[in-house]
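Every number in this text was worked out from the coordinates using simple rules, so none of it is lab data. If you're wondering where the values come from, they're calculated on a predicted model, not measured in any experiment. Positions of Cβ are generated from backbone atoms using ideal geometry, with glycine treated the same way; all protein chains shown enter the neighbour counts.
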Ligand SMILES: Nc1ncnc2c1ncn2[C@@H]1O[C@H](COP(=O)(O)OP(=O)(O)O)[C@@H](O)[C@H]1O
Ligand SMILES: [Mg+2]
């Protein structure tokens with residue numbers, strides 16, 4: 001069981017952001033504790049990616065507050081988010097297709113020699129190490145990532161988030177491009193990171209997966225939060241009902 | 001995640017890890033040279049012609065290295081020819097009208113002031129265009145089209161259209177010519193050092209890779225590459241050192257240096273100073289492209305601007321820097337071009353933007369962004385200049401030259417597209 005007596009690791013409070021007239025995220029509040037996995041669910045366009053992009057610094061929210069370990073956090077860009085040890089696996093993977101795996105893994109945080117030049121050999125060696133742990137079959141270290149399969153690209157994006165010792169991990173549909181076996185590897189990784197005390201926001205369409213991996217599930221519809229539930233207290237049908245109907249089932253509404 | 005690469009039997013090209021595009025370009029260059037050599041009864045591949053070719057290539061090639069970064073970041077710069085003219089005119093006016101009055105005619109520092117001014121002016125003008133593109137979000141095509149008109153017009157205003165000549169004697173050395181070379185002995189030293197450095201870099205890189213336990217090329221392959229590279233450098237110096245300085249120029253130089261001139265004296269040109277500048281620029285730009293964060297961000301931004309921004313890269317500031325660098329290189333080219341002609345008229349640099357873009361594109365820079373090499377652009381410039389000079393030497397008239405260069409450009413890009421599709425690198 002996750003201990004929720006202390007200060008939350010992340011508190012997203014009353015977050016709102018709109019694009020033109022569309023309220024992509026409409027006053028949503030969610031929190032996350034250390035060692036906890038919170039699932040974010042909802043139809044396409046519900047606002048899940050937009051919400052987590054406010055936390056990762058990709059978007060600037062119109063209103064609301066983000067607190068990390070109880071302290072108000074100012075996140076204006078991805079660099080700020082990284083300084084709070086927030087790492088993100090984007091739905092689009094956000095890889096530069098023309099660069100190799102190591103260059104992508106270290107993009108924006110290159111290892112440099114004392115003279116200030118990027119040290120590709122050291123970065124490749126580090127990449128080989130982490131890939132050896134995450135995806136031992138991965139061999140294409142010198143090809144641009146455009147030459148990789150969907151699963152291999154996904155593992156590069158995952159490696160990038162895991163390598164830098166994140167405390168807060170955001171995973172936006174990390175298994176979308178993966179087969180069953182690879183999905184299982186990601187599931188095991190999530191459990192291992194959770195044991196290490198990371199807080200993880202996991203966006204996933206597979207309700208069974210959410211039931212299995214997450215502690216709580218937050219459901220969104222049309223930019224609004226339908227509700228946050230303890231996954232052990234609900235059935236998959238309850239969660240599906242929340243996604244589709246956009247309201248909490250009667251027996252939970254108390 | 002289960003795609004293991006099966007061990008395949010490798011061809012020689014794969015073993016050498018050679019870039020097919022590079023081989024293709026060098027092959028094209030050799031074929032063009034041979035064809036013109038036959039067509040001119042052996043007058044094309046002479047030390048004299050190759051020396052002139054190297055000097056004529058320098059100005060466009062220097063700018064082409066900067067254009068690689070511009071195009072890799074999905075931009076374009078149509079203003080470089082006009083900017084070259086404007087900088088050339090300004091710096092010429094500085095040498096002809098301003099500095100002699102302040103410092104005295106022929107003062108030793110005039111060339112330094114002029115050269116620094118040229119690069120600084122280019123960097124500032126480029127940065128300003130980059131700022132409009134990056135921060136005000138006006139497309140590069142429009143901003144630099146504006147620059148193309150503005151700089152050409154401004155060039156006229158600098159001197160009310162008057163041609164500026166002659167330039168400072170030391171400044172002029174940067175344009176090549178009989179005096180503007182390293183001379184024989186210095187050329188040999190230059191070539192020797194360059195060859196040693198090239199071989200040392202190959203060895204160092206190999207040792208680092210072995211240290212990390214990566215697989216490396218077989219020793220014979222590495223040795224062959226090093227030998228070819230060193231051989232090419234030495235060969236180039238040898239050819240440049242085989243072009244005698246004409247008698248008239250020799251008398252002039254001998255008089256200036258207080259050496260008694262006799263008819264038995266033979267001096268050779270050696271490597272031209274603009275070519276030395278080009279080699280230095282190529283080396284520095286290659287290091288920037290492959291070994292610095294800035295270079296890495298240029299390619300990342302070109303490959304996926306959104307991913308670059310999400311990685312914390314300030315892509316707007318990067319645009320400013322890329323155009324500032326393009327401007328500074330245009331300043332260097334302005335020095336070479338004006339020094340070579342020893343005069344600047346209002347036509348200087350006309351159409352250079354198209355030659356520069358064509359050089360970068362022939363050299364494999366993709367207009368869709370993300371791909372392009374510095375050496376490719378330099379070879380692209382060399383191929384174009386070879387075509388132009390070659391056609392001139394077989395008596396092809398100017399209109400037909402334009403037609404041929406235009407067709408070659410489109411053909412080269414088509415080949416490149418087919419090649420990319422075949423190799424899966426889009
Ligand atoms: N950059 C943007 N510009 C305009 N509209 C956007 C932008 N990002 C997201 N939206 C809109 O916000 C809404 C929520 O999208 P998103 O967060 O991607 O949904 P989800 O991840 O839940 O599928 C959608 O209507 C989408 O079109
Ligand atoms: Mg989404």
Quiz item: In nanometres, what is the gap between the two model label sites at residue A:141 and residue B:137, each 7 Å from Cα along Cα-to-Cβ?
Solution: 4.2
Exercise. Take the Cα of residue B:46, step 7 Å along the line toward its Cβ, and report every residue of the stretch B:236-258 whose backbone nitrogen sits under 18 Å from that point.
Key: B:239-250
Practice problem: For chain B, with a Gaussian network of springs between Cα atoms less than 10 Å apart, report the residue from B:149, B:351, B:400 with the top mean-square fluctuation. | Solution: B:400
Practice problem: For chain A, find the longest principal axis of its Cα atoms and tell me its angle to the long axis of helix A:180-195, 0 to 90°, nearest 10. | Solution: 80
Exercise. Give me the distance between the Cα centres of the stretch A:169-209 and the stretch B:92-144, rounded to whole Å.
Key: 55
Quiz item: Quick one: if the Förster radius is 35 Å, what FRET efficiency do residue B:93 and residue B:26 give, using the C-beta to C-beta distance and rounding to 0.05?
Solution: 0.25
Self-check item: chain B, relative contact order in percent, only Cα pairs under 8 angstrom and at least six apart counted
Solution: 33
Practice problem: Show me B:278-285, B:77-84 ranked by packing, highest mean number of other Cβ atoms within 10 Å first. | Solution: B:77-84, B:278-285
Quiz item: So how tilted is helix A:120-134 from the main axis of chain A? Cα-based, degrees 0 to 90, rounded to 10.
Solution: 50
Quiz item: So how far apart, in nm, are the two label points at residue B:414 and residue B:109 if each is 7 Å from Cα heading toward Cβ?
Solution: 5.7
Self-check item: Fluctuation leader among B:131, B:414, B:238 - chain B, Gaussian network, Cα springs under 10 angstrom
Solution: B:414
Quiz item: Where the centre of each part is set by its Cα atoms, how far does the stretch A:104-128 sit from the stretch B:365-400, in angstrom?
Solution: 35
Quiz item: Restricting the count to DSSP beta bridges whose residues both fall in the protein assembly as shown, what percent are antiparallel, rounded to a multiple of 5?
Solution: 60
Practice problem: Within 10 Å, count the other beta carbons around each residue, average over each peptide in B:178-186, A:16-24, and list them highest first. | Solution: B:178-186, A:16-24
Exercise. Determine by what factor the alpha-carbon radius of gyration of the protein assembly as shown differs from 2.2 N^0.38 Å, reporting the quotient.
Key: 1.16
Self-check item: Label-to-label distance, nm, for residues given as residue B:317 and residue A:240 (7 Å Cα→Cβ offset)
Solution: 5.1
Quiz item: For A:149-160, what's the mean count of beta carbons from other chains sitting within 10 Å of each residue's beta carbon?
Solution: 1
Exercise. Going by C-beta contacts inside 10 Å, put B:236, B:36, B:86, A:141 in order with the fewest on the left.
Key: A:141, B:236, B:36, B:86
Quiz prompt | Other protein chain Cβ atoms within 10 Å, averaged over every residue that makes up A:105-117 | solution = 4
Quiz prompt | Mean separation of Cα contacts under 8 Å (6+ apart) over length of the stretch B:1-158, as relative contact order % | solution = 27
Quiz item: Gain in length, residue A:62 to residue A:112, computed as 0.36 nm per residue apart minus the alpha-carbon separation, to one decimal in nm?
Solution: 14.3 nm
Exercise. When a/c is below 1.5 the answer is rounded, else prolate if a/b is larger than b/c, else oblate, so apply that to chain B with a ≥ b ≥ c taken from the square roots of the Cα gyration tensor eigenvalues.
Key: oblate
Quiz item: From the square roots a ≥ b ≥ c of the eigenvalues of the alpha-carbon gyration tensor of the stretch A:95-165, which class results: rounded (a/c under 1.5), prolate (a/b over b/c), or oblate?
Solution: prolate
Exercise. Give me a single rounded figure for B:312-321: the average over its residues of other chain Cβ atoms within 10 Å of their Cβ.
Key: 2
Quiz prompt | Sites residue B:393 and residue B:165 - FRET efficiency at Förster radius 35 Å, r taken between beta-carbons, to 0.05 | solution = 0.80
Self-check item: Fully extended contour minus Cα-Cα distance, from residue A:76 to residue A:224, at 0.36 nm per residue
Solution: 51.0 nm
Quiz item: What number, in percent, do you get for the relative contact order of the stretch A:166-226 if the mean sequence gap of Cα pairs under 8 Å and at least 6 apart is divided by its residue count?
Solution: 39
Quiz prompt | Cubic angstrom per residue, convex hull over Cα atoms of the stretch B:182-271 | solution = 85
Quiz item: Helix A:150-163 versus the longest principal axis of chain A: what angle, 0 to 90°, nearest 10, using Cα atoms?
Solution: 90
Exercise. Please identify, among B:264, B:292, B:386, the residue showing maximal mean-square fluctuation in a Gaussian network model of chain B using a 10 angstrom Cα cutoff.
Key: B:264
Practice problem: With a Förster radius of 56 Å, plug the Cβ-Cβ distance of residue A:196 and residue B:186 into 1/(1 + (r/R0)^6) and report the FRET value to the nearest 0.05. | Solution: 0.35
Quiz prompt | Antiparallel %, DSSP beta bridges [both residues in chain A], to 5 | solution = 55
Self-check item: Global form of chain A, assessed from the alpha-carbon gyration tensor, a/c cut-off 1.5
Solution: prolate
Practice problem: Figure the gain on full extension for residue B:343 and residue B:257 (residue separation times 0.36 nm, minus the Cα-Cα span) and round it to one decimal in nm. | Solution: 28.5 nm
Quiz item: Dividing the alpha-carbon Rg of the stretch B:257-350 by 2.2 N^0.38 Å yields what?
Solution: 1.67
